[in-house]
1. Within the stretch 358-369, does at least one residue satisfy the condition of being surrounded by fewer than 21 Cβ atoms within 10 Å (Cβ to Cβ) and within 14 Å of the ligand (Cβ to nearest atom)?
2. Out of curiosity, is residue 297 without any contact (Cβ under 8 Å) to a residue 60 or more places away in the chain and under 29 Å from the mean Cα position of the chain (by Cα)?
3. Which residue out of 420, 340 is under 20 Å from residue 311 (Cβ atoms), assigned to a helix (DSSP H, G or I) and either within 12 Å of the ligand (Cβ to nearest atom) or in contact with a helix residue (DSSP H, G or I) (Cβ under 9 Å, 6 or more places away or on another chain) (or both)?
4. Please find, among 282, 216, the residue that is at positive phi, modelled with pLDDT under 95 and buried (at least 16 other Cβ atoms within 10 Å of the Cβ).
5. Residues in the stretch 377-414 that are touching a residue at least 60 places away in the same chain (Cβ under 8 Å) and away from the ligand (no atom under 13 Å from the Cβ): how many?
6. Among 345, 313, 341, which is without any contact (Cβ under 8 Å) to a residue 24 or more places away in the chain and within 20 Å of residue 385 (Cβ to Cβ)?
7. Is it the case, given these coordinates, that residue 372 is more than 18 Å from residue 312 (Cβ to Cβ), within 16 Å of the ligand (Cβ to nearest atom) and free of Cβ contacts under 8 Å to residues at least 40 places away in the same chain?
8. Kindly indicate which of 301, 312 is modelled with pLDDT under 95, touching a strand residue (DSSP E or B) at 6+ places or on another chain (Cβ under 7 Å) and in the same structural domain as residue 466 (by TED's automatic domain parsing).
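The values are calculated or read from the model by the stated rules, or taken from the named source; none is laboratory data. Because the structure is a prediction, the values reported are computed rather than measured. Don't worry about glycine lacking a Cβ; one is built from the backbone with ideal geometry, like all the others, and counts go over all protein chains shown.
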Ligand SMILES: [Zn+2]
């Protein structure tokens with residue numbers, strides 16, 4: 001860009017103000033002496049006097065400006081400190097979280113474990129234990145059933161959750177505000193961590209929530225009501241889950257893997273037969289003393305001497321379907337000899353019944369020897385799968401004891417061929433003893449749901465192998 005020519009008027013003015021030779025500044029003299037052009041000098045450096053006046057003025061200005069700047073800086077600093085203090089005060093607490101479930105003893109969780117990526121998580125297993133929900137599942141997938149056939153299902157690291165069969169996107173509201181973000185459940189052997197805000201939205205009725213960010217306290221308790229209007233008779237309200245607060249994402253339907261042919265109409269049983277339950281109970285994964293399935297249902301099929309036996313509802317319904325189909329196929333002498341067995345019953349059998357039996361037979365043995373012997377045929381309390389309420393032992397009228405003479409019966413042959421269609425698997429196969437750590441039990445069948453049972457049946461794996469394969 002070309003420089004604009006200065007107007008003539010300006011040139012004149014400048015010439016008039018041109019300093020005299022004798023009042024040249026030192027710099028000007030130096031430049032002149034060195035033969036340099038005066039036009040190179042700054043127009044501001046005119047005369048020494050003007051220079052001095054300007055210098056004083058300039059200094060006054062500089063002082064004033066410095067004072068103003070200093071005041072401004074000080075004000076800014078004070079403001080900054082005040083802001084920082086108020087920010088510190090209003091900053092969300094990162095103290096440990098205290099969780100209070102109803103009247104239970106509060107427990108604390110380090111902030112970093114409770115809040116991950118700005119999202120507050122709750123352990124569904126602890127809440128379920130408190131609220132009496134039925135828990136089923138594995139290290140990778142967990143279901144929590146409440147009343148009214150409502151349930152939640154989470155899969156480790158999945159962006160979806162299932163609410164009463166509806167697949168919804170798992171989202172979470174950040175603890176300190178902001179829009180909901182995609183989130184995932186974290187499931188391992190001991191916990192099922194789910195975003196608190198998500199869980200809260202799944203609960204239609206039955207639970208009350210209170211989150212206090214000042215003290216980082218989360219309270220969850222069951223809602224109660226006065227039975228028959230009697231204030232002295234407060235009872236816990238049913239807990240119901242709903243998917244109304246979520247967008248439902250239809251499951252991608254895959255073509256069926258297996259074809260199922262039944263000799264009788266299975267319609268009344270299909271819902272239960274196809275309900276998955278992969279709860280694992282073995283020597284490495286014992287159930288707690290407190291574990292009692294919430295929906296135990298009395299068996300109506302043939303039982304030993306007509307005994308009252310119980311299974312979880314879906315397992316019981318699926319078993320009834322299986323027994324009817326077996327009878328329809330002409331096998332009429334099979335019956336159930338054991339089903340759900342409580343922790344207390346396991347305890348009594350192990351420490352009293354079998355202990356006394358061995359003690360009587362071998363009075364010279366130490367307790368250690370006696371227990372070692374009992375362990376060869378009885379599960380240590382908590383490690384029996386019968387506590388899950390998902391498995392049964394079959395016998396036939398030709399058998400005297402529960403043993404592998406069952407393997408050669410027609411009933412056993414029929415079960416080996418057909419049990420998977422009803423969601424049952426042979427739990428302790430002959431070739432899997434090293435993995436299950438239980439001897440071959442041709443009579444012991446476990447309900448897992450039809451899909452898993454079919455996979456296990458056709459790929460000839462045991463439950464432990466199936467679960468570790470689906471976990472990886
Ligand atoms: Zn058994």
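1. Looking for residues that are surrounded by fewer than 21 Cβ atoms within 10 Å (Cβ to Cβ) and within 14 Å of the ligand (Cβ to nearest atom), one finds none in the stretch 358-369, hence no.
2. Yes; evaluated as a whole, the condition is true for this residue.
3. 420 is the lone residue from the list that is under 20 Å from residue 311 (Cβ atoms), assigned to a helix (DSSP H, G or I) and either within 12 Å of the ligand (Cβ to nearest atom) or in contact with a helix residue (DSSP H, G or I) (Cβ under 9 Å, 6 or more places away or on another chain) (or both).
4. So the residue among 282, 216 that is at positive phi, modelled with pLDDT under 95 and buried (at least 16 other Cβ atoms within 10 Å of the Cβ) is 216.
5. Matching residues across the stretch 377-414 total 10.
6. 345
7. no
8. None of the others qualify; the one that does is 301.
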